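The block underneath contains the structure these notes are about, expressed in structure tokens.
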Amino acid sequence: ADEVDRLAVVATSDGRPATAFALQLVRLRRPEPARTLSIVDPDGRWEARGLGAGTYELQALSADSGPSDRVRVELPASPGARVEKDLRLRAGRLLQGVVKDANSQQPVAGARVAMESSPGEDSVLVRTGTFTGPDGRFSLEGLPETPVSVAVEADGYNRRIVTLPRGRTEVTVLMRPV
């Protein structure tokens with residue numbers, strides 16, 4: 001099969017280049033596994049080599065943004081052909097919450113809060129995290145509109161994982177002391 005190069009840019013919702021992201025390429029109408037590329041580039045540029053001619057679906061994913069729309073691209077059978085298609089990440093949603101001691105209901109300061117999400121069945125896992133403030137509060141930006149799991153860890157407490165349904169924007173996490 002002839003190979004086609006693919007070069008383009010991934011930008012954040014406000015138009016700035018996405019400097020670290022994953023790109024998922026799925027060849028449609030062919031029983032091939034999806035390819036996921038991890039990209040780190042200060043200008044948000046990416047390139048995929050060695051793709052066979054055909055129809056592909058592309059999606060960009062980043063820890064600090066929602067995923068891009070899924071975009072279809074037709075790669076021609078011409079040797080050395082170049083196809084360009086820029087992608088724009090969505091702003092994503094904001095998750096705000098508070099971490100409290102389950103017994104005393106007091107805030108847990110300095111707890112590590114990490115989000116994991118997978119936009120699709122075979123897509124790459126996206127992670128982002130933060131720490132709670134002195135009041136036990138935290139904010140995570142750029143969450144996708146899909147269900148997410150939030151893992152919370154703090155010294156002196158058992159680790160807690162909370163799965164949040166699609167669209168949830170607030171959560172209280174109660175931690176049990178060790």
Just report the Cα centroid separation between the range 152-178 and the range 5-57, whole Å.
33
For the range 46-178, what % of the accessible area comes from carbon and sulfur atoms, probe 1.4 Å?
44
Computed over the chain, the relative contact order (Cα-Cα under 8 Å, seq sep at least six) in percent reads 21
Please compute the per residue accessible area over the range 29-112 with all protein chains in place, 1.4 Å probe, rounded to a whole number of Å².
56
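The values are calculated or read from the model by the stated rules, or taken from the named source; none is laboratory data. What you see is a predicted model; the values in this text were computed from it and never measured. All accessible areas refer to the heavy atoms of the entire protein, side chains included, with ligands and DNA or RNA removed. Shrake-Rupley method; radii C 1.70, N 1.55, O 1.52, S 1.80 Å.
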